[in-house]
Amino acid sequence: MMRIRPLLLLCGLLAIGGTAARLQAESFNQVLAIGDQAPAWESLPGVDGQSHSLSDLKEKPVVVVVFTCASCPTAADYEERINALSRKYGGDLGTVAVVAICVNQVPEDQLPALTQRAKSMGFQFDYLYDESQKIAKAYGAVFTPEFYVLNRDRKVIYMGAMDDSTEPSKISRRYVEEAIAAAEAGLTPRTTEVVARGCLVRTNRDSRQASRSRPQGGSLLQIPRPSAPG
């Protein structure tokens, strides 16, 4: 009987290891996991001519961060949805801060062009530019647009697509709004991660190499998880 125990122990360890590998493989993001502390940006220039940091939003119970740009057709199509989200939940009296961040270095995605675009489109959200691209890499963002919902403790409770269809008339799930409601209730949303859709973030070659293992945009894979206290 004693001779069997090491084999049983080995089998048990292999089973645990296999379970851990499967759990790890569930995540689309190669950098962050749900429940991680959100990376903080500091002194990023905005289209309003001001400098912005995550710490400026300490009075807001929920922060929605979206990595986006002007040069991607999908990201451009989502601008009005992002604006509507900010009008619904944001503003000085709102409970949610909506922050868009662009890190692409092509001319149409740099700060002067974004400033013009924000003015002409009447954006109601903060739009920041990070030439260093460090904040997108810290979040593991790969697609534009890609959304992250942060709770009061600034932990990530949702990341991925805004909703389940690029066509507004076909939307049946609004993942970001579901996550906002969960965050305001101190909970984790039912769905915590959905692969984003759109163009690849135009990061430097070292980040692009890492992104090749990520699922391709356009898929609507999702990971439902039970609600629990946040």
Whole-percent carbon and sulfur contribution to the accessible surface of the stretch 55-141 (1.4 Å, no ligands, DNA or RNA) stands at 52
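What does the net charge come to around residue 105 if you take all other residues with beta carbon closer than 11 Å to its beta carbon, with K and R at +1 and D and E at -1?
Combined, the nearby Lys, Arg, Asp and Glu give -3.
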Just round it to a whole percent: the fraction of Cα-Cα distances in the stretch 42-126 exceeding 22 Å.
-> 21
Distance from the Cα centre of the stretch 56-108 to that of the stretch 146-179, in angstrom?
-> 12
In terms of Cα to Cα distance under 15 Å, which aspartates and glutamates are near enough to residue 170, apart from those fewer than 8 places away along the same chain?
-> 77
Using all Cα-Cα distances in the stretch 71-200, what percent lands in each 10 angstrom bin from 0 up to the longest?
-> 12, 43, 38, 7, 0
Taking Cα pairs under 8 Å and at least six residues apart, what relative contact order does the stretch 61-102 come out at, in percent?
-> 60
For the stretch 49-107, what is the charge dipole size about the Cα centre, in debye to the nearest 20, if Lys and Arg each add +1 at the Cβ and Asp and Glu each add -1 at the Cβ?
-> 120
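For Cα pairs less than 8 Å apart in space and 6+ apart in sequence, what is the mean separation divided by the residue count of the stretch 100-189, i.e. the relative contact order in percent? Numbers along the way, then the final one.
Numbers: 98 pairs, mean separation 17.1, N = 90.
Relative CO of the stretch 100-189 lands at 19 percent.
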Report the accessible area of residue 135, computed with a 1.4 Å probe over the heavy atoms of all protein chains in place, in Å² rounded to the nearest 10.
-> 10
Starting from the Cα of residue 119, draw a straight line to each of the lysines and keep only those under 22 Å, dropping any in the same chain fewer than 8 residues away.
-> 88
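Grab the Cα-Cα distance for residue 132 and residue 187, subtract it from 0.36 nm times how many residues apart they are, and report the gain in nm with one decimal.
16.4 nm
Explain nothing, just the number: relative contact order of the stretch 30-161, from Cα pairs under 8 Å at least 6 residues apart, as a whole percent.
Reported relative contact order: 37 percent.
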Could you sort 86-99, 63-76 so that the peptide with the highest average Cβ count within 10 Å comes first and the rest follow in order?
-> 63-76, 86-99
Just reorder 117, 81, 174 by solvent-accessible area, largest first, 1.4 Å probe, all chains present.
-> 174, 117, 81
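The values are calculated or read from the model by the stated rules, or taken from the named source; none is laboratory data. Keep in mind that what you see is a predicted model, and the values were worked out from it rather than measured. Methodologically, a virtual Cβ is constructed for each residue, glycine included, from the backbone with ideal geometry; neighbour enumeration extends over all protein chains shown. When the accessible area is computed, the model is the full protein with side chains, heavy atoms only, and any ligands, DNA or RNA have been set aside. Shrake-Rupley method; radii C 1.70, N 1.55, O 1.52, S 1.80 Å.
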